[in-house]
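What follows is a single structure, written as structure tokens, with notes after it.
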Amino acid sequence: MLRRFFARLLPLSFAAACGGDPASPPEASYSIAIHGGSAQQGPAGSILEQPLQVTVTDVANQPVQGVIVRFRVVAGGGSLTDTIGVTGLGGIALTFARLGGAVGPHRYDALISRAPQTKVTFEVNATPGATLVRLEPASVKAGDTVDVVGTYFNIDASGNEVFFGTVPARILAVTGDSRLRVVVPACAGAGSVPVRVEVGSAVTNTVAVPYTSANPLITLAVGEGITVSSTELRQCLQLQGGGPRYLVVPQFASAADDPTATAFRIGYDGTVALQSVQPPTASVVPVALSPQRRMDATMRRIEREIAPLAAAQGGETDPGPLEALTLNSTRSFRVISSLPKDEAPLKFATSTARLKYIGNHILVYVDDAAPSAIADADLARIGQLFDTRLYDLDVARFGSESDLDRNGKVIVLMSQYVNALVTRAECATGFIAGYFYPNDLYLRNQNSNKGEIFYTLVPDPTGTFSCPHSISAIRRLVPGTFVHEFQHMISFNQHVLARGGSSEDVWLNEGLSLIAEETTGRVYEALYPPFAGRAFSDSAAMFTEDVMINAFNYVFASRSYSVTTFKDFGDLQERGAAWLFLRWLGDQKGDDIYGRLVQTRLTSIANVQDKARESFPALFGDFAIAVAADIPGFARSSLAPRYRFTTRPNGMDYRTLFDLLEFTPKLARNPVQFSQLQPYATASTTSMVQGTMAFFNLPTAALSQPGVGLIFTAGDGSAFPSILGAQVGIVRVQ
């Protein structure tokens, strides 16, 4: 990396000496080459299996991170999952290409954004794609077995999906590549319904078929489920009674600026309420914002406010001189010195810090006024952990940060000013372990340090500046904060600086930072498994335990906390909710979806739908069923894969994991174990906020009937406004 630094320095120095333009962007001297993805082929209309990848190198043939690469369609049609790539580890940028509908050659260019004359061209080929011809018979009703006839279907049943409207059909058999036998689903709509087939990533044309739901009584196998909109619920189905047991999960699959509780009724035969499976004591207890959460809220607010200004920078970098990096050299930083309440302006001080660690990716500076000297060995341990493990994990998972200061590294500044953001009197409510200040990436801000910096506290064993912190406490606290805040830094670069978009919505931004913590914890779980009867080993717990506790507390009071609509930039339960949804999404789509969610200009629900290639109501409905049904005492192997979390050690379900967390002192306020939850009587009217769910059982009286009709309405019996996304998930668990 030092070679890369001096290689960047040389072209600028040489240009100045020869009378050239010293303002020429360093990208003018870079080279771009195809790394992979050319000369492949796929069915017309499909996403090519391999991404289009390029490598960017400098004049010393070293890979360069943080370079913006533009991709574009040249011939053949089709589209790109993103027209922007930012080089990450190994100097690689990539995008995926969806082929056009025409058979034959397709071409795509990749060029360096600030040096567009530097480009390469990918050549690929489209083979014939799948088409839908007709259904036999041409008119269908719910529960019918019909044949879907077309061309170039997958000969493996699992490689096809048939949709009636937005509802998937169950595939029974495949005949060659031209015929699929399916069961027509219930609740697919009314009248003429569009039918399509998805073959891998390719989508066929649609064929409209007359559809009726003449027999609303549906039979679900154990582990099967269905999600139905509130408006269709009573008209399109009745559940089979006489023995089966069902969990019913009403939900609002939506987002809003602020959470607002909406009263609802959930019952059967129009009058009788269901039984809640959440404890009646799961009420919301107001909790004051901790110092760290106040800081997080302030930083997310600043991100949102400066995004349009920072996006206007384009590819601009810091025009200051590049200096050689030497140990024990000093540098001055502008550092937040106080954290006022009520969005008052921040106050700043100047920190003079000394460079104590130089790594491949990380520089560690320590404030000269730190209350006690930190041993070089301790600094080396901290620097090496960040440099050789944590940095690579986040960049590989989410993409590259920016490089506005052109030093090729992220700065970690350890300063007593971070300690002092909390007074001694406030120590009982917590402290601030670290943060990323977005204005450092907005070059025109007067307090910007014009580079990529993570600020963290220093050891202060005697509490000279604020709460006492030993060096061992710093080693335990700071790594999780770093991976969390580094995701925010990467996200701001990918959404705003590289693509000129808005900062990510807070629910998805915070959820992804918790994914950064939890997936890092999983790395440590694999290295150091926990002892019997414990949820995590100590090394994994510092990344994962608080994430799980937040999710635990969300599920206990889910009606009051939202996945998608945060208040005050996120209660802990709301953050746990967002993480739980993203954890399920990664289990279904693969953990590489997290990088796609970050490397885009799309935000919030639109971003999730685009990267998952599914509607948010369909995703949220199946997620809600998974939260309800992935429980102890139930044969999890009977659950459809969409209704399970799959990444915990030994296939452990989350409810059992939550029970293990009961041994954590932090959960003393919630003594009830999930495995002990029983149905509770509930009033016919209750409420919940947008972007969340509630959990109910059908009572025994309902199950004795041959058919059970359900209602889900507003508290006064009227229909919900469509913006709420009111729907009900139903899964048979017995």
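Residue 106 fails exactly one of the following numbered conditions: (1) touching a strand residue (DSSP E or B) at 6+ places or on another chain (Cβ under 6 Å); (2) open to solvent by 30 Å² or more (accessible area, probe 1.4 Å); (3) not hydroxyl-bearing (Ser, Thr, Tyr). What is the number of that condition?
(2)
Here are 219, 151, 121: which of them is under 29 Å from residue 238 (Cα atoms), open to solvent by 40 Å² or more (accessible area, probe 1.4 Å) and of a type outside the set (A, V, I, L, M, F, W, C)? Working first, answer last.
Numbers: 151 fails: under 29 Å from residue 238 (Cα atoms); 121 fails: under 29 Å from residue 238 (Cα atoms).
The conditions single out 219.
Mind telling me which of the residues 351, 415 ends up being polar (S, T, N, Q), modelled with pLDDT of 95 or more and touching a helix residue (DSSP H, G or I) at 6+ places or on another chain (Cβ under 9 Å)?
Values: 415 fails: touching a helix residue (DSSP H, G or I) at 6+ places or on another chain (Cβ under 9 Å).
Of the residues listed, the single one that is polar (S, T, N, Q), modelled with pLDDT of 95 or more and touching a helix residue (DSSP H, G or I) at 6+ places or on another chain (Cβ under 9 Å) is 351.
Residue 447 fails exactly one of the following numbered conditions: (1) in contact with a helix residue (DSSP H, G or I) (Cβ under 9 Å, 6 or more places away or on another chain); (2) buried (at least 24 other Cβ atoms within 10 Å of the Cβ). What is the number of that condition?
Of (1) in contact with a helix residue (DSSP H, G or I) (Cβ under 9 Å, 6 or more places away or on another chain); (2) buried (at least 24 other Cβ atoms within 10 Å of the Cβ), only one is false for residue 447: (2).
Name the single residue, out of those in the stretch 165-205 being charged (D, E, K, R) and part of a strand (DSSP E or B), that is most open to solvent (accessible area, probe 1.4 Å).
In this case the residue turns out to be 170.
Only one of (1) surrounded by 15 or more Cβ atoms within 10 Å (Cβ to Cβ); (2) modelled with pLDDT under 65 fails for residue 698. Which number is that?
(2)
Looking at the stretch 572-632, what helices (runs of 4 or more DSSP H) fall wholly within it and have at least 1 residues that are touching a residue at least 12 places away in the same chain (Cβ under 8 Å) and either over 30 Å from residue 69 (Cα atoms) or in contact with a strand residue (DSSP E or B) (Cβ under 8 Å, 6 or more places away or on another chain) (or both)?
Working: elements: 572-589, 593-598, 604-612, 616-629.
So the answer is 572-589, 616-629.
Taking the options 488, 469, name whichever one is open to solvent by 10 Å² or more (accessible area, probe 1.4 Å) and not acidic (Asp, Glu). I'd like the intermediate steps shown before the answer.
Numbers: 488 fails: open to solvent by 10 Å² or more (accessible area, probe 1.4 Å).
469 is the lone residue from the list that is open to solvent by 10 Å² or more (accessible area, probe 1.4 Å) and not acidic (Asp, Glu).
From the residues in the stretch 533-567 that are over 20 Å from the mean Cα position of the chain (by Cα), assigned to a loop (DSSP other than H, G, I, E, B) and in contact (Cβ under 8 Å) with a residue 60 or more places away in the chain, which one is surrounded by the fewest Cβ atoms within 10 Å (Cβ to Cβ)?
Only one residue fits best here, namely 533.
Could you list, in sequence order, the residues of the stretch 395-415 that are buried (at least 22 other Cβ atoms within 10 Å of the Cβ) and outside any loop (DSSP other than H, G, I, E, B)?
398, 410, 412, 413, 414
Residues of the stretch 495-532 being within 30 Å of residue 307 (Cβ to Cβ), open to solvent by 50 Å² or more (accessible area, probe 1.4 Å) and of a type in the set (D, E, K, R), which ones?
Hit for the stretch 495-532 is 505, nothing else.
Out of the stretch 237-249, which residues are open to solvent by less than 10 Å² (accessible area, probe 1.4 Å) and closer than 14 Å to residue 142 by Cβ?
Those that are open to solvent by less than 10 Å² (accessible area, probe 1.4 Å) and closer than 14 Å to residue 142 by Cβ: 237, 239.
Grab the strands (runs of 3 or more DSSP E) fully contained in the stretch 301-380, keeping just those with 2 or more residues being at negative phi and open to solvent by 30 Å² or more (accessible area, probe 1.4 Å).
Working: elements: 330-338, 347-358, 362-367.
Counting at least 2 such residues, we get 330-338, 347-358.
Conditions first: (1) touching a Gly at 6+ places or on another chain (Cβ under 7 Å); (2) loosely packed, with under 14 Cβ neighbours inside 10 Å. Residue 126 passes all but one, so which condition is the exception?
(2)
Report, ordered by the first and then the second residue, all pairs with beta carbons closer than 7 Å, sequence separation of six or more or different chains, a first member in the stretch 696-725 that is over 13 Å from residue 267 (Cβ atoms), and a second member that is part of a loop (DSSP other than H, G, I, E, B) and of a type in the set (D, E, K, R).
What qualifies is 703/245.
The values are calculated or read from the model by the stated rules, or taken from the named source; none is laboratory data. Here the structure is a predicted model, which means the values were calculated and not measured. Because the Cβ atoms are built from the backbone with ideal geometry, glycine has one as well, and the counts that use them run over all protein chains shown. Just so you know, the surface numbers come from the protein's heavy atoms only, side chains and all, with ligands and any DNA or RNA stripped out. Shrake-Rupley method; radii C 1.70, N 1.55, O 1.52, S 1.80 Å.
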